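Okay, so here's the structure we're looking at.
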Amino acid sequence: GCVLVVSVIEQLAQWHNSTVKAALERLCNYIPGKYQITCHMFCCIDREMNADVVCHSLKLCRQDPGQPICHLYPPPKREEHSPGLFHALAHAGQKCQIIFAHSSNKIFTGFSSVCAFPLLANLCEKIKYVIRNKLPFEDFDGDKFSTFPTLRGYHWRGRDCNDKNTTVYPGRCPDNWDVTSDSNCNGIWGVDPKDGIPYEEKFCKGADSQGVVLLGDSAGAHFHIPPEWMTVTEMSAKSFANLPMAFTDELDWPQFSEVTGFLNSTIGGWTDSLYLRLRQRNRCNHRDLQNISQNGITYFLINIPTFLSFSLARNQLLDYPAIVIYATIGNDVCNGNHDTLAHMTTPKEMHSNVVQALRYLDTRLPNGSHVILTGLVDGRFLWDNLHDRYHPLGQLNKDVTYSQLYSFLDCLQVSPCSGWLTPNETLRNLTSERALQLSNVLKEIATTEKFTNFDVFYMDFPLRQTAEEWRKMGGEPWQLIEPVDGFHPSQIAAALGTSITWQKALREWPQVLGKENPFNGQIEAIFKDQGGH
């Protein structure tokens with residue numbers, strides 16, 4: 001984080017031909033007010049120091065005994081036989097440490113001790129509970145749905161239409177055909193004055209209504225760091241307008257995602273999702289979505305029944321069936337450990353974990369539901385298409401490639417995937433081999449395991465088909481990968497993946513998608529006449 005921010009400040013100074021101090025002020029003015037506190041930690045930056053030197057000197061980056069000094073940029077040049085980086089650190093250290101002690105120690109102390117105040121203790125506990133269980137922070141009736149967008153609100157789950165009534169929420173079967181109020185938040189309620197039949201009964205009875213639930217990782221949550229946050233040639237206050245929303249959504253953008261997206265994308269590409277297609281197929285499915293994804297989650301490391309008992313909102317007796325997508329496409333083989341193979345999920349662990357999850361879902365999902373197990377991705381695609389390209393931080397001076405970024409993260413032991421983001425071809429192949437083994441476990445489960453309330457299907461992650469489709473459209477493979485982290489699927493990949501998955505489902509499992517509602521046109525016409533949404 002420090003290296004990123006300092007890089008941006010130094011490049012702003014270079015691009016605008018200004019002092020570092022002026023560049024720091026420029027960046028602080030771009031950032032929304034309450035986030036400006038971090039700017040003042042970097043007042044010791046010198047144009048002669050690169051970001052690695054500054055951040056090691058501030059002790060925000062450190063060198064453990066016996067470990068190399070991690071650096072993103074090439075070390076500063078010095079005379080022969082004299083290590084440039086060590087010299088630069090020694091030269092910069094005293095100045096930065098003194099300033100850092102005065103400017104930022106209070107900041108860190110404040111952050112760490114804020115929860116000690118009695119008035120804030122309960123708030124801190126609630127925030128921890130929400131983050132741990134993936135529940136909305138603002139949910140007055142406790143039904144796991146919210147009228148607030150971020151902090152696990154309606155960006156992640158269908159928007160609640162009455163947050164003071166626990167029996168009103170998206171996905172439930174209508175109460176008395178919603179004659180007097182909208183109990184399932186799909187916008188359809190009341191009685192047709194022409195014939196006295198409730199609209200919900202007329203339009204939705206026998207329509208195969210169902211919701212969609214995603215159990216996923218950071219790819220499912222749609223992790224994204226906007227490249228404009230670190231591209232100084234295009235940077236302005238407008239670049240950071242979405243920063244508060246991004247932070248309160250954990251740098252995830254589920255509202256644009258492949259499974260539960262429902263808003264027009266503002267991060268490039270376009271939005272296409274399983275939810276939108278199910279809604280288009282049957283307008284009665286409006287708002288019936290849940291994205292229970294988590295950055296960095298590996299399900300075999302948690303107690304799944306306990307996790308889902310808090311996070312999943314589905315009543316087996318009162319609610320409609322659901323399509324559940326189980327898609328942890330990389331985290332079972334991805335970790336930041338140097339002995340990465342030893343920390344990957346084994347086929348035995350995978351089988352036990354997934355069957356355990358499915359057995360629990362069988363006690364929660366309404367009869368007639370469906371579960372789709374998604375195979376793991378072949379992450380060799382990342383290195384093959386990115387390693388020699390310039391990262392956004394390297395665009396200005398052509399000095400940082402993705403290969404350098406991957407090595408830097410690996411050195412810090414924070415790589416999102418040491419097995420794939422590496423120049424070691426053997427290790428990349430072994431990681432893909434394990435991913436294939438785990439995918440085969442999922443395929444076997446879908447074939448052999450039977451459950452009372454749902455059937456199980458398997459599908460490969462459609463990366464190869466997505467790349468082929470994108471090439472036909474004139475695109476390049478690297479555009480399917482998030483530019484900042486060089487790891488997650490981009491918005492384009494998410495939208496194209498939806499189209500491919502939908503076509504496969506139409507061909508092979510049409511019963512999963514439900515039938516097309518013949519009343520969709522009438523429903524939309526009534527809404528249009530009433531000026532509704």
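The values are calculated or read from the model by the stated rules, or taken from the named source; none is laboratory data. In this text, all values refer to a predicted model and were calculated from it rather than measured experimentally. So basically every Cβ, Gly included, is an ideal-geometry build from the backbone, and we count neighbours across all protein chains shown. Quick note on the areas: whole protein, heavy atoms, side chains included, nothing else; ligands and nucleic acids left out. Shrake-Rupley method; radii C 1.70, N 1.55, O 1.52, S 1.80 Å.
Amide H to amide H under 5 Å from Ser293: which residues, 5+ apart in sequence or cross-chain, H placed 1.01 Å off N in plane?
When sequence neighbours closer than 5 places are left aside, the close amide H contacts are Gly216.
Quick check for me: using +1 on Lys/Arg Cβ and -1 on Asp/Glu Cβ, what's the dipole size of the chain about its Cα centre, in debye to the nearest 20?
For this selection, approximately 480 debye.
Which order do peptides 152-165, 460-473 fall in by mean Cβ count within 10 Å, highest first?
152-165, 460-473
Based on the Cβ-Cβ distance of Lys126 and Asn337, what FRET efficiency does E = 1/(1 + (r/R0)^6) give at R0 = 25 Å, to the nearest 0.05?
0.15
Determine the shape class of the stretch 226-337: with a ≥ b ≥ c the square roots of the Cα gyration tensor eigenvalues, call it rounded for a/c under 1.5, and otherwise prolate if a/b is greater than b/c, oblate otherwise.
The shape class here is oblate.
Apply the Karplus parameterisation 6.51 cos²θ - 1.76 cosθ + 1.60, with θ equal to phi minus 60°, to every residue of the stretch 137-147 and state each ³J(HN,Hα) to the nearest whole Hz, in sequence, with x for glycine and proline.
Couplings: 5, 9, 8, 5, 9, x, 8, 6, 10, 9, 9 Hz.
Once you put a point 7 Å from the Cα of Thr426 and another 7 Å from the Cα of Thr448, both along the Cβ direction, what distance in nm separates them?
3.3
Take the solvent-accessible surface of the protein heavy atoms, probe 1.4 Å, and return the percent of it on the chain that carbon and sulfur atoms account for.
Within the chain, the accessible surface is 55 percent carbon and sulfur.
Pairs Lys348/Lys443; Lys134/Lys238; Lys202/Lys528; Lys164/Lys202; Lys443/Lys504: which exceed 25 Å Cα-Cα?
Going by Cα-Cα distance, Lys134/Lys238; Lys164/Lys202 fall outside the 25 Å limit.
To the nearest 10 degrees, how steeply does helix 2-15 sit against the main Cα axis of the chain, on a 0 to 90 scale?
70
Take the Cβ-Cβ distance between Gln530 and Trp15 as r, set R0 to 51 Å, and report the resulting FRET efficiency rounded to the nearest 0.05.
Efficiency, from the Cβ-Cβ distance: 0.50.
Using the heavy atoms of the protein chains and a 1.4 angstrom probe, tell me the accessible area per residue for the chain in square angstrom.
46
What do you get for the angle between helix 520-529 and the principal long axis of the chain? Use alpha-carbon atoms, 0 to 90 degrees, nearest ten.
Its long axis makes an angle of about 80 degrees.
At a threshold of 8 angstrom on Cα-Cα distance, excluding pairs fewer than six apart, so keeping six or more, what relative contact order does the chain reach in percent?
The value is 14 percent.
Compute the helix-to-body angle for 491-508: its Cα long axis versus the longest principal axis of the chain, expressed 0 to 90° and rounded to tens.
Tilt of helix 491-508: around 30 degrees.
Using θ = phi - 60° and the Karplus form 6.51 cos²θ - 1.76 cosθ + 1.60, what ³J(HN,Hα) does each residue of the stretch 435-442 get, whole Hz, x for Gly and Pro?
Those phi angles translate into 4, 5, 4, 5, 4, 5, 4, 4 Hz.
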